[in-house]
Structure formats: C-alpha cells, structure tokens
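Visitor: A single structure is presented below for examination.
The values are calculated or read from the model by the stated rules, or taken from the named source; none is laboratory data. Just so we're clear, the structure is a prediction, and the values are computed from it rather than from any experiment. All Cβ positions, even for glycine, are placed from backbone atoms using ideal geometry, and neighbour counts span all protein chains on display. The protein model used for the area step is the full one, side chains on, heavy atoms only, and it has no ligands, DNA or RNA in it. Shrake-Rupley method; radii C 1.70, N 1.55, O 1.52, S 1.80 Å.
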Amino acid sequence: MELCSIASGSSGNCIYVGNDHTHLLLDAGISGKKIEQGLSSIDINPEHLSGILITHEHSDHIKGLGVMVRRYHLPVYATAETIHAALHGKSSIGKIPQECIHLVTPDEPFTIQDINVMPFSISHDAANPVSYTFSQEDGKKVGVATDLGVYDDYIVKNLADSDVLLLEANHDISMLEVGPYPYVLKQRILGKRGHLSNDNTGRLLNELLHPGLKHVFLGHLSKENNYPDLAFETVKCEMEKENPDILQKISLQVAKRDDVCEPVFV
C-alpha cells in the first residue's frame with residue numbers, strides 16, 4: 001500500500017492512498033488542476049481513481065471536489081451531514097450527481113475494491129466529521145487523522161497498528177497565543193473542536209508507537225502559527241522523552257504545504 005501527500009496544510013489538503021489495483025483520494029481541498037498534476041507526478045491517471053473520501057466540508061478539504069467528480073464521474077464517500085453541508089453551504093462546489101454519492105457512517109467499515117476502509121469520528125467544528133484508516137488483507141494499514149481538537153482512547157484505538165500515519169501538527173501554542181488572530185479564532189483553534197498542537201501530536205504518537213510503524217508524516221500545519229522545522233523539532237522532542245532513539249526506528253517528516261511528497265510504501 002502507498003501513501004502520498006499531494007498537499008497538506010491549512011490552505012488545502014489532498015492525500016493519495018492506494019495499491020496496484022485501487023486508487024483513492026482522501027479529501028480534495030486544492031484545485032482540480034493541482035490534484036491532476038499531483039497524481040501525474042506519481043504516475044496515477046485520475047481516470048483510474050476508485051473514489052474520493054471526504055473528512056468534512058471545510059473548503060480546505062473540498063475545494064476541488066466538484067470538478068474532479070464531474071470530470072471523471074468518481075464516487076464520493078462522506079457522512080450524510082458532510083454531504084449536505086458541502087452541497088448546500090459551499091456554492092463553489094457545484095452540482096454532484098446523486099449516483100456518485102456514497103454515504104458513510106462512523107465506525108461502520110466498508111470496502112472499496114481490495115482496500116478496507118474504517119471511518120471514525122473526529123472532534124472538529126464541522127458536520128459529523130470523520131477521518132479514515134485503510135487496510136489490506138495482508139494486514140498493512142495506513143492511518144490519517146487531521147482536524148481534531150483532542151484525541152482520546154477512541155482515536156488511539158482506531159489508529160493503532162498503522163504502518164504509516166499522517167497526523168495533524170497544526171500549531172505551536174505560543175505562536176498562536178501571541179499571533180494576529182482574533183481572540184475568538186484563537187479559542188476555536190485551541191478548543192476541543194479545533195486543531196491539535198505540535199505538543200499534543202507528539203504525545204499522541206507516543207501512544208501509537210509499535211514495531212510495525214515505519215513512516216510518520218506531520219500534516220495540516222498552520223501557515224500563520226507554525227513552521228515545518230518547529231513542528232518537526234517539537235514532535236521529535238516530545239517523543240524522545242519516552243523513546244530517546246525513536247528516529248532510528250521510524251521516518252518522521254513534515255508533509256509539504258503546496259508540493260507532492262515522496263510516496264511511501266508498505
């Protein structure tokens with residue numbers, strides 16, 4: 001199984017997950033043109049996509065959804081509440097053919113060709129948002145979790161035993177607190193339905209470490225309240241408190257905001 005971050009950040013998110021037979025997008029928060037270019041760079045023809053899974057309706061996750069669905073007549077997977085909010089609250093998405101819509105329910109697994117998908121609830125200020133894990137019959141598993149204000153045992157359970165993880169490291173708390181955002185927005189980001197800080201991402205990773213975990217991407221970084229090097233160092237230091245030689249065991253890297261990352265395979 002392969003994971004490739006096509007774009008990851010507060011301005012747009014799109015992740016490819018697939019194998020030789022099944023090709024999936026997780027979110028489509030950049031333009032259709034950029035999605036096509038990103039897929040082309042990893043030798044994936046958009047016409048061969050098996051579907052697009054949406055986490056929630058915020059624009060940095062659905063900006064290119066309508067274009068991709070209409071252009072390639074792709075299946076869309078999301079909760080009923082997310083679909084309703086995306087179609088009725090985001091006029092820029094345009095019309096999505098009803099036959100392309102497939103509703104998902106948190107904690108109810110389903111299969112897309114030969115990839116097993118598990119949607120699980122996340123704590124975010126959106127309409128019944130979810131994230132997903134992807135697994136194969138050979139036991140390989142990819143886990144993704146962004147846009148969650150808090151994590152708990154439920155999140156840890158869903159992401160456990162992943163071979164590859166992409167986790168949100170949205171902000172540095174000090175940068176956010178002294179930055180230019182209005183007080184209300186700062187409180188939203190810091191709240192239980194906001195975003196994970198670098199520190200909390202490091203703590204979450206400590207709970208997810210196991211011998212099979214080989215690759216970790218830090219994603220969904222805030223442009224105003226974080227830096228890639230700061231996110232990396234903060235998460236690394238938090239993990240090294242409990243696992244001093246952790247970077248000898250796993251690859252830790254920051255997903256790029258506007259560029260395609262080198263794909264990882266498990």
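Visitor: Can you list the lysines whose alpha carbon sits under 17 Å from that of K241, skipping same-chain ones fewer than 8 residues off?
Guide: K249
Visitor: Let me ask something else. Write down the accessible area per residue of the range 97-253 in Å², having rolled a 1.4 Å probe over the full set of protein chains. Before the final figure, lay out the partial values.
Guide: Working: 7120 Å² over 157 residues.
The answer is 45 Å² per residue.
Visitor: Keeping all protein chains in position, work out how much accessible area Y154 exposes to a 1.4 Å probe, and write it in Å² to the nearest 10.
Guide: Accessible surface of Y154 is approximately 70 Å².
Visitor: How much of the accessible area of the chain, in percent, comes from carbon and sulfur atoms when a 1.4 Å probe is used? Each step should come with its number before you reach the end.
Guide: Values: 5700 of 11460 Å².
Carbon and sulfur: 50 percent of the exposed surface of the chain.
Visitor: Once the piece of chain linking K241 and D259 is laid out straight, how much longer is it, given 0.36 nm per residue of separation minus the C-alpha distance between them?
Guide: 3.3 nm
Visitor: Relative contact order of the chain: what whole-number percent is it, with Cα pairs under 8 angstrom and at least 6 residues apart?
Guide: Contact order relative to length: 20 percent.
Visitor: Out of all DSSP beta bridges with both ends in the chain, state the antiparallel percent to the nearest 5.
Guide: Working: 24 of 46 bridges.
Within the chain, antiparallel bridges account for around 50 percent of the total.
Visitor: Per DSSP H run of at least 4 residues, take -39500 (n - 2.57); add these up for the chain, divide by its residues and hand me the 222 nm value, nearest 500 deg cm²/dmol.
Guide: -8000 deg cm²/dmol
Visitor: When Lys and Arg each count +1 and Asp and Glu each count -1, what net charge do the other residues less than 14 Å away from N13, Cβ to Cβ, add up to?
Guide: Once positives and negatives cancel, what remains is -2.
Visitor: Under a Cβ-Cβ cut-off of 11 Å, what is the net charge of the residues other than S135 that fall near it, where Lys and Arg count +1 and Asp and Glu count -1?
Guide: Numbers: positive: K140, K141; negative: D114, E137, D138, D161, D163.
Taking every other residue near S135 into account, the sum is -3.
Visitor: Just to be sure I understand, if you calculate Rg and Dmax of the Cα atoms in Å for this structure, which of [x] 18.9, 71; [y] 17.2, 52; [z] 43.2, 137 do you get?
Guide: [y]
Visitor: Let me ask something else. Would you mind checking the pairs K34/K256; K140/K256; K140/K214; K186/K256; K63/K95 and listing those with alpha carbons more than 19 angstrom apart?
Guide: Over 19 Å apart, Cα to Cα: K140/K256; K186/K256.
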